[in-house]
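Right, one structure below, let's go through it.
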Amino acid sequence: MLGQHTTSDGFVLTAWDTLYLSYGLTISKDGKELFSNPHCLSIEAYGSKPSAKYEDWDEAMEASENGDDDAFVAWDADDWQKEIAEAADSLIEAYIVENNEDN
């Protein structure tokens, strides 16, 4: 597991590492898995950030293109948790279809 977030209404979002060029996402509620996909979170949007020696993404990208292999660093557990928490509502809306008859 890379990171996890539980929403106020009980959805648990878990990001996990895969052998692919993306990250997996599982969404569950009340112990029941509602969604799971190993390709859900794109490596282009998740999992790395500019290293401390660069101020922003663009500066790090330019350095990377010029050969700096250390321009980006992997997210730590706190980064994953923060990003999943910020994206939780959008991810739930995109991947979970709620049956209104049950509400």
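The values are calculated or read from the model by the stated rules, or taken from the named source; none is laboratory data. Everything numeric here is computed off the predicted structure, so don't read it as measured data. Backbone-built Cβ (ideal geometry, glycine too); neighbour counts: all protein chains shown.
From the residues in segment 15-29 that are under 30 Å from Ser64 (Cβ atoms) and touching a residue at least 40 places away in the same chain (Cβ under 8 Å), which one is surrounded by the most Cβ atoms within 10 Å (Cβ to Cβ)? So the residue we want is Ala15. Filtered by the rule that a residue be without any contact (Cβ under 8 Å) to a residue 12 or more places away in the chain and under 12 Å from the mean Cα position of the chain (by Cα), segment 61-77 gives a lone residue, Asp76.
Might you check whether a residue that is surrounded by 17 or more Cβ atoms within 10 Å (Cβ to Cβ), under 13 Å from the mean Cα position of the chain (by Cα) and not aromatic (Phe, Trp, Tyr) occurs anywhere in segment 30-46? Yes, that holds for at least one residue. The numbered conditions (1) free of Cβ contacts under 8 Å to residues at least 40 places away in the same chain; (2) within 19 Å of the chain's Cα centre (by Cα); (3) more than 14 Å from His5 (Cβ to Cβ); (4) not in a helix (DSSP H, G or I) are all true for Ala94 except (4).
Of all residues in segment 47-60, those satisfying the criterion of being farther than 17 Å from Glu83 by Cβ and either surrounded by fewer than 13 Cβ atoms within 10 Å (Cβ to Cβ) or touching a residue at least 24 places away in the same chain (Cβ under 8 Å) (or both) are Ala52, Lys53, Glu55, Asp58.
Look at segment 1-11 and say how many of its residues are buried (at least 17 other Cβ atoms within 10 Å of the Cβ) and either within 13 Å of the chain's Cα centre (by Cα) or at pLDDT below 95 (or both).
3
Can you tell me which residue in segment 69-91 is modelled with the lowest pLDDT, limited to those that are in a helix (DSSP H, G or I), surrounded by fewer than 18 Cβ atoms within 10 Å (Cβ to Cβ) and small (Gly, Ala, Ser)? Per the criteria, the residue is Ala77. Screening Lys49 on (1) in a strand (DSSP E or B); (2) within 22 Å of Glu93 (Cα to Cα) shows it passes everything except condition (2).
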